[in-house]
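Heads up, the thing below is written out as structure tokens.
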């Protein structure tokens, strides 16, 4: 019995490790991180990440299937083969690299604090003492906040960025920490967001925020990683990337 | 390679060992939340059950509505209503009632208490209704007043009859409390979700949370067994 089980395991591993022709690529997307991904009233997931995913698939000449997945379960779902790649504004970090492979970056933006306009807060371990800060669970912002200010502040962790916005508006949070673009487009520019403001410097320490945002792939699928890297270069070169970017932003989010 | 080695190769038990203190905090949080809401809920349920049994429609009907609402909607919806809904109507930073609802812990406590009070009301009501007529008649014959009858006869025998059903309610409440993590509370499930998303180990994180809940459940069931043994002794077959 044991032998049979082992054989099944070995067979399953070897079968998937073998290179295969990529005809359909299933892509994990989030759907609660505007403007990179958001869910429309009809339940469709749209946004920058999704447009980029579609452009990449077109360039790779494969069929794409978007699979919505909560942020928490992104990497576990990739590892358990619910999809083959994650295009969900995921930062390339050393920690994640232990579990998955990343392509080259497809954009790179810093994070920043948001406070209520005029609130009396200073960004230092003393100035933040006793403040309540909201972040999305297991993001680079979460890691940074836990490591750097974990002793001083109370951290509230949310499943989605949207829930953190709700609690900021309800007055349960003193600060938000997150990527500047979702904070600006998903919160500050939305209804009721004009009572809040960015404050402090932009933060992008390599140690926590890595090399930018990349596409996560299972370590066994080196071929898929190469395909994606080629496709990223191609849409950068042929102007597709700029065309998509202009739909959402008035500046270059690719970074240096 | 035997089966144990295969398991150890795939199960990352070190993640659990490293995070034991966090799990312990979560355990304390869960037990505290559930225990406090059960105690307050039970204290509310007894008078509510009496009102619910009242022959006066205007007294019985509001209690019926209350239990109907809280038994008819999911606990998660009730928690969302209180946690996110309150913020819409009252300024959480302006008043003392706002300060109360600002804290996720109190929001969960209110939701859990109202929920368990509704179920317990119905359990006790049912048990009171089943009081044998003879016992009440006997009490009357002894010249007991209404309140004496209530405290000496109806309530003790109703509690006895309600015990098995109430044990279920306590276990359900414990399991229902797993949703506290949704509103940023670090209960057992909340801790498991942090461990899961930080180390990408869903199986380990949740199987350990499951074991903790199971341990608590066994403790509860065991405790109620002892109570039943003591208080329902008269119902046991003679041996």
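The values are calculated or read from the model by the stated rules, or taken from the named source; none is laboratory data. No experiment lies behind these values; they were computed from the predicted model shown. Backbone-built Cβ (ideal geometry, glycine too); neighbour counts: all protein chains shown.
Observations, loosely collected:
- Per-region count, the stretch A:185-223, residues assigned to a helix (DSSP H, G or I) and touching a helix residue (DSSP H, G or I) at 6+ places or on another chain (Cβ under 9 Å): 10
- Residues of the stretch A:48-92 satisfying the condition of being without any contact (Cβ under 8 Å) to a residue 24 or more places away in the chain and part of a loop (DSSP other than H, G, I, E, B): A:61, A:80
- Residue pairs whose Cβ atoms lie under 6 Å apart, sitting 6 or more positions apart in sequence or on different chains, and linking a residue in the stretch A:154-167 that is more than 8 Å from every other protein chain (Cβ to nearest Cβ) to a partner that is in a helix (DSSP H, G or I), are A:155/A:145; A:161/A:182; A:165/A:187.
- Residues being within 14 Å of another protein chain (Cβ to nearest Cβ) and free of Cβ contacts under 8 Å to residues at least 24 places away in the same chain - total across the stretch A:168-187: 3
The rows are residues; the columns are (1) within 14 Å of chain B (Cβ to nearest Cβ); (2) at pLDDT 90 or above.
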residue	(1), (2)
A:9	yes, no
A:16	no, no
A:26	no, yes
A:30	yes, yes
A:47	no, yes
A:56	no, yes
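- Highlighted here are the helices (runs of 4 or more DSSP H) found entirely within the stretch B:27-96 that include at least 2 residues which are under 22 Å from the mean Cα position of the chain (by Cα): B:57-72, B:75-80.
- Residue list for the stretch B:191-212, restricted to those being more than 10 Å from every other protein chain (Cβ to nearest Cβ) and free of Cβ contacts under 8 Å to residues at least 40 places away in the same chain: B:206, B:207, B:210, B:211
- Any hit, the stretch B:26-45, residues being within 14 Å of chain A (Cβ to nearest Cβ) and more than 15 Å from residue B:176 (Cβ to Cβ): yes
- Odd one out for residue A:49 among (1) surrounded by fewer than 18 Cβ atoms within 10 Å (Cβ to Cβ); (2) within 20 Å of residue A:227 (Cβ to Cβ): (1)
- Residue in the stretch A:173-180 that is under 27 Å from residue A:225 (Cβ atoms), assigned to a loop (DSSP other than H, G, I, E, B) and in contact with a helix residue (DSSP H, G or I) (Cβ under 6 Å, 6 or more places away or on another chain) present: no
- Single unsatisfied condition, residue B:112 versus (1) modelled with pLDDT under 95; (2) surrounded by 14 or more Cβ atoms within 10 Å (Cβ to Cβ); (3) within 22 Å of residue B:48 (Cβ to Cβ): (1)
- Qualifying positions in the stretch A:137-153 - under 19 Å from residue A:32 (Cα atoms), in contact (Cβ under 8 Å) with a residue 60 or more places away in the chain and facing chain B (nearest Cβ under 10 Å): A:137, A:138, A:139
- One residue alone among A:157, A:143 is part of a strand (DSSP E or B) and either crowded, with 17+ Cβ neighbours inside 10 Å or in the same structural domain as residue A:203 (by TED's automatic domain parsing) (or both), and that residue is A:157.
- Residue A:93 being at negative phi, surrounded by fewer than 21 Cβ atoms within 10 Å (Cβ to Cβ) and over 15 Å from the mean Cα position of the chain (by Cα): no
- Those residues of the stretch B:120-142 which are part of a helix (DSSP H, G or I) and over 29 Å from the mean Cα position of the chain (by Cα), in sequence order: B:133, B:134, B:135, B:136, B:137, B:138, B:139, B:140, B:141
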